[in-house]
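One structure below.
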Amino acid sequence: MGFRPRSLLVVAPLALLLGCGTAVGDGAQACTEIGAPSGVGVVVDGAGAERANQVRLRACWDGACQRSVAGLTEGTRAVDEGCEGEDPDAVCSARTEPDGTMTGFAEIDLPDAPVMVVARVLDRTARAIAVTRVSQTPALVEPNGPSCPPGGRQLRVVVEIPG
């Protein structure tokens, strides 16, 4: 009984398939390449939020400061539109609608230590309409959960603008 080239055509792809990946249900978590940059998320809220155009940020720790600018876009919230039936496989839907806020993000390489942030909200004419100071320790973001490599450190600043 000699070597048969045809049997190699059947066995090789099967061996490759069995040797790749992780079996479904073995408990391993898949880690994606989803990103989570380090930085400051800003939410401008209140009756005057629609006047906000950008936020100038100064983040300071250990005697040094970094500056950045975050452009703002209209914030939204998800609105549940229900499901087509009670079956676990039923189709469900949602939509987004404006929530009255303005939001933005400024990439800043943040430490694992308290950070003093000054957020200056500007209108379209570059006039300051609100200033907020907060001290927070940035949190490590884990977009795929604790079993996967983490992303950057982030913190969130909320600025209230009265009407």
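Every number here is computed from the coordinates shown, using simple stated rules; none is lab data. Keep in mind the model is a prediction, meaning the values are calculated, not measured. We place every Cβ from the backbone using ideal geometry, glycine too, and count neighbours over all the protein chains shown.
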_Of all DSSP beta bridges in the stretch 26-160, antiparallel share, percent nearest 5_ = 85
*For Val157, enumerate residues with amide H under 5 Å from its amide H, sequence gap 5+ or separate chain, H modeled in the peptide plane.*
Gly41, Val42, Val43
_Quarter of the Cα convex hull surface for the stretch 26-160, i.e. its orientation-mean projected area (nm²)_ = 11.2
*Counting only residues 5 or more places away or on other chains, whose amide H sits under 5 Å from the amide H of Gly151 once H atoms are built in the peptide plane?*
Val141, Glu142
*Using θ = phi - 60° and Karplus 6.51 cos²θ - 1.76 cosθ + 1.60, couplings along the stretch 88-95 (whole Hz; Gly, Pro as x)*: x, 9, 5, 7, 10, 9, 8, 9
*Suppose R0 equals 41 Å; then what is the FRET efficiency for Cys65 and Ala94 from their Cβ-Cβ distance, rounded to the nearest 0.05?*
0.50
*Please work out the FRET efficiency for the pair Val158 and Thr32, using the Cβ-Cβ distance as r and a Förster radius of 25 Å; give the result to the nearest 0.05.*
0.30
*Which trypsin sites (Lys or Arg not before Pro) from the stretch 84-147 combine a DSSP loop assignment with at most 10 other Cβ atoms within 10 Å?*
Arg124, Arg127
_In whole Hz and in residue order, list the ³J(HN,Hα) couplings for the stretch 103-109 that follow from phi through the Karplus curve 6.51 cos²θ - 1.76 cosθ + 1.60, θ = phi - 60°; x for Gly and Pro._
10, x, 8, 10, 6, 9, 6
*Excluding Glu50 itself, what net charge comes from residues whose Cβ is under 14 Å from its Cβ, given Lys and Arg +1 and Asp and Glu -1?*
-3
*asked:* Between Cys148 and Glu86, what is the label-point separation in nm under the 7 Å Cα-to-beta-carbon projection?
replied: 3.5
*Report ³J(HN,Hα) in whole Hz for each residue of the stretch 67-80, in order, from the Karplus equation J = 6.51 cos²θ - 1.76 cosθ + 1.60 where θ = phi - 60°; Gly and Pro get x.*
10, 7, 10, 10, x, 10, 10, 5, x, 9, 10, 7, 10, 5
*asked:* I'd like the distance between the alpha-carbon centres of the stretch 87-133 and the stretch 34-57, rounded to an integer number of Å.
replied: 3
